[in-house]
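Heads up: the structure comes next, in structure tokens.
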Amino acid sequence: MRTTTILMIVSLLALVALFLPSILFLAGRMELGTVKWIMLLATIVWFVAATPWMWKQSG
Amino acid sequence: MDTEQKSQQQQSGGEFEREPVPQSRLLGFKSFIGMYAGEHTAGTELAIGPLFVAAGVSAYDVVVGLIAGNVLAVLSWIFLCAPIATRARLTLYYQLEKICGRKLVTLYNLANGVMFCFLAGAMVTVSATALGVWFKFPMPALNDFYPNSIGWVLAVLAVGAVISVVAAYGYEVVSKVANIAAPWMVLVFIAFGLIGLRQFIDATGTEVNSLSDVWTLAKTHIWRGADPHPGRVKFTFWHVMFFAWFCNMAMHVGMSDLSVLRFAKKSWYGVASATGMFLGHFLAWLAASILYAFQLHQDPSNTSVLPGPLAYQAVGLTGLICVIIAGWTTANPTIYRAGLAFQAIIPRSSRFRVTLITGGIATIAAMFPALAMRLLDFVALYGLVLMPMGAVVFVDFWLIPKLGLRGSYAELSGRPCNWAAGAAWIVTLAVCLGIVFIVGNWILYFIALPGWFIASIIYIVLSRIYQKQVPLSAAQA
């Protein structure tokens with residue numbers, strides 16, 4: 001139960017990390033190269049953290 | 001229960017296929033929000049958005065047209081599909097079988113299966129464009145009809161083979177992957193738009209200090225309302241609105257989603273379709289069209305609509321992963337459903353083999369880039385082909401009893417084919433396609449609206465004749 005909660009929080013943070021760089025890029029506060037790296041990292045974290053609890057939830 | 005019945009059961013979830021969904025199994029509103037958001041944020045959105053730009057649409061027409069069309073689509077789910085779904089609580093296939101008879105449902109399955117095959121083909125095409133970024137083979141151009149390189153054919157074969165084999169083994173795993181990918185994918189799609197917007201600001205040197213500056217940028221550089229690309233229909237507000245309304249016509253007006261919404265506690269749950277419409281058919285289409293407009297801004301001669309390179313240019317590897325997953329997760333269930341539709345026609349055939357053959361047909365179709373490059377036309381045609389049966393279901397449920405006739409007549413009379421329904425379908429389709437042939441391609445986006453009334457009138461008139469011709473016995477009545 002505790003692990004699931006931690007994984008859910010990590011997943012949520014991964015989504016924030018996925019989306020935030022594109023907003024910062026739009027605001028002119030981040031380089032595109034950095035945006036791409038952070039989005040790739042966030043993607044990996046999302047799939048690693050979300051898969052265990054979402055797999056169970058979807059039966 | 002025979003194989004045909006079983007396959008029809010599996011086609012829409014495998015539960016309560018020949019009986020109404022019981023109260024204890026009804027689902028809450030949240031279930032439908034997630035389902036619609038995931039289903040309508042698919043790989044094909046990355047091909048549809050750019051095609052609006054290729055059709056020379058203006059900023060006002062695309063933004064307001066999409067809002068209006070998506071609202072109409074949601075209203076169609078709420079007022080046409082959901083009320084019948086939550087009253088009858090039957091799948092479309094069973095509802096149609098009661099009205100039309102088993103033989104006509106088999107014909108409907110054939111049409112449905114063929115359409116699913118081509119739709120899956122377009123999704124395979126989208127995924128294969130991502131491989132082109134890695135392997136650098138020549139990829140198709142906007143007006144290519146035939147495959148243009150060995151690399152392209154091999155990429156489509158590879159993607160199609162994987163998707164078909166996975167679909168043949170059952171799509172439960174892919175469905176779970178699709179659920180996990182959905183929130184991630186929606187955010188990546190939105191990121192495409194934000195990044196494309198910034199790239200436009202930088203490339204044009206536009207000063208953006210307010211929303212009004214963004215709108216000016218959109219009008220002057222992104223959706224300029226210029227001439228369409230050669231061979232394309234010029235899109236106005238009306239084209240965009242009708243396209244957004246009718247691109248899922250098979251599901252709302254065509255009643256495919258009876259199978260989904262029969263699990264809804266209330267008919268207003270149809271409003272959940274708004275998540276799919278405004279995430280997938282608004283934000284994702286606009287985002288993809290921004291990326292394509294930026295490609296044209298950089299090189300006006302590069303008119304190819306290739307989701308892989310577009311996504312890679314914007315967000316790198318994440319974009320490519322998004323294109324592959326978006327195409328894969330939506331092509332898989334589509335091939336699976338097409339296989340089941342075909343299997344219902346030949347009940348003794350193995351589902352595994354039929355799905356593999358179906359995947360093979362979709363893969364061959366995917367090799368022809370015209371399918372994806374003409375996706376707007378195909379999607380409009382897809383809705384048109386299945387729409388008349390939706391009109392038949394609507395009329396049979398609401399109007400036929402009020403006109404002193406009997407609904408679900410095939411079930412009551414025990415006949416395998418209600419020719420009144422069959423004629424309503426075929427004649428409507430022939431009239432609509434005849435008009436498109438005579439008037440021109442542009443009317444394909446609009447013809448389904450009068451077509452729905454044509455189908456309804458034909459079904460009412462012919463039902464009166466048919467029910468006199470095939471009277472019920474005392475026991476049947």
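Do any residues in segment B:228-253 that are small (Gly, Ala, Ser) have Cβ atoms under 7 Å from those of residues that are at pLDDT 95 or above, where the two are at least six apart or on different chains, and which pairs are they?
Every condition considered, the pairs that remain are B:ALA244/B:GLY65; B:ALA244/B:LEU66; B:ALA244/B:GLY69; B:ALA244/B:ASN70; B:ALA244/B:ALA73; B:ALA244/B:HIS281.
Condition test on B:PRO138, is it free of Cβ contacts under 8 Å to residues at least 24 places away in the same chain, more than 25 Å from B:ASN418 (Cα to Cα) and part of a loop (DSSP other than H, G, I, E, B)? Break it down stepwise before answering.
Working: free of Cβ contacts under 8 Å to residues at least 24 places away in the same chain: yes; more than 25 Å from B:ASN418 (Cα to Cα): yes; part of a loop (DSSP other than H, G, I, E, B): yes.
Against the criterion (free of Cβ contacts under 8 Å to residues at least 24 places away in the same chain, more than 25 Å from B:ASN418 (Cα to Cα) and part of a loop (DSSP other than H, G, I, E, B)), B:PRO138 qualifies.
From the list B:VAL427, B:VAL439, B:VAL431, B:VAL461, which residue is in contact with a Gly (Cβ under 8 Å, 6 or more places away or on another chain), surrounded by fewer than 19 Cβ atoms within 10 Å (Cβ to Cβ) and hydrophobic (A, V, I, L, M, F, W, C)? Before the answer, list the steps.
On the way: B:VAL427 fails: in contact with a Gly (Cβ under 8 Å, 6 or more places away or on another chain); B:VAL439 fails: in contact with a Gly (Cβ under 8 Å, 6 or more places away or on another chain); B:VAL461 fails: in contact with a Gly (Cβ under 8 Å, 6 or more places away or on another chain).
Answer to the selection: B:VAL431.
Specify the residue that is modelled with the lowest pLDDT; the eligible residues are those in segment A:23-56 that are more than 17 Å from B:ILE321 (Cα to Cα) and at the interface with chain B (Cβ under 8 Å from one of its Cβ atoms).
A:TRP55
Pick out the one residue from B:ALA167, B:ALA191, B:ALA182 that is more than 9 Å from chain A (Cβ to nearest Cβ), closer than 24 Å to A:ILE44 by Cβ and not hydroxyl-bearing (Ser, Thr, Tyr).
Numbers: B:ALA167 fails: closer than 24 Å to A:ILE44 by Cβ; B:ALA191 fails: more than 9 Å from chain A (Cβ to nearest Cβ).
When all the criteria are applied, what remains is B:ALA182.
State yes or no: is B:PHE200 within 12 Å of chain A (Cβ to nearest Cβ), in contact with a His (Cβ under 8 Å, 6 or more places away or on another chain) and either under 29 Å from A:VAL16 (Cβ atoms) or in a helix (DSSP H, G or I) (or both)?
Working: within 12 Å of chain A (Cβ to nearest Cβ): yes; in contact with a His (Cβ under 8 Å, 6 or more places away or on another chain): yes; either under 29 Å from A:VAL16 (Cβ atoms) or in a helix (DSSP H, G or I) (or both): yes.
It is true that B:PHE200 is within 12 Å of chain A (Cβ to nearest Cβ), in contact with a His (Cβ under 8 Å, 6 or more places away or on another chain) and either under 29 Å from A:VAL16 (Cβ atoms) or in a helix (DSSP H, G or I) (or both).
Residue under question is A:LEU18, and the condition is that it be on the phi < 0 side of the Ramachandran plot, at the interface with chain B (Cβ under 8 Å from one of its Cβ atoms) and more than 15 Å from the chain's Cα centre (by Cα); does it hold?
Values: on the phi < 0 side of the Ramachandran plot: yes; at the interface with chain B (Cβ under 8 Å from one of its Cβ atoms): yes; more than 15 Å from the chain's Cα centre (by Cα): no.
Judged against the criteria, A:LEU18 is not a match.
Check every one of the helices (runs of 4 or more DSSP H) wholly within segment B:288-392 and list those with 1 or more residues that are farther than 27 Å from B:TYR146 by Cβ. So that I can check it myself, show each step before the final result.
Working: elements: B:307-315, B:317-345, B:351-367, B:370-373.
Ranges flagged: B:307-315, B:317-345, B:351-367.
What's the total number of residues in segment B:333-383 that are basic (Lys, Arg) and either modelled with pLDDT of 85 or more or within 14 Å of B:ALA161 (Cα to Cα) (or both)? So that I can check it myself, show each step before the final result.
So the first thing to find is which residues in segment B:333-383 are basic (Lys, Arg), and the list is B:337, B:348, B:351, B:353, B:374.
Those still in the list that are either modelled with pLDDT of 85 or more or within 14 Å of B:ALA161 (Cα to Cα) (or both) too: B:353, B:374.
Total meeting the criteria: 2.
Applying the selection to segment B:111-138, what residues are of a type in the set (A, V, I, L, M) and surrounded by fewer than 24 Cβ atoms within 10 Å (Cβ to Cβ)?
From segment B:111-138, those of a type in the set (A, V, I, L, M) are B:111, B:114-115, B:119-120, B:122-124, B:126, B:128, B:130-131, B:133; that's our starting set.
Hits for segment B:111-138 are B:ALA111, B:VAL114, B:MET115, B:LEU131, B:VAL133.
Does B:SER175 meet the test of being in a helix (DSSP H, G or I), within 14 Å of chain A (Cβ to nearest Cβ) and either at pLDDT below 95 or closer than 18 Å to B:LEU376 by Cβ (or both)?
yes
Scan segment B:92-120 and report the pairs whose first residue is of a type in the set (D, E, K, R) and whose second residue is surrounded by fewer than 21 Cβ atoms within 10 Å (Cβ to Cβ) and at pLDDT below 90, with Cβ atoms within less than 8 Å and a gap of 6+ or a chain change.
B:ARG102/B:GLU4
The values are calculated or read from the model by the stated rules, or taken from the named source; none is laboratory data. Since this is a predicted model, take the numbers as computed values, not measurements. For neighbour counting, all protein chains shown are included, and Cβ atoms are generated from backbone atoms with ideal geometry for every residue, glycine included.
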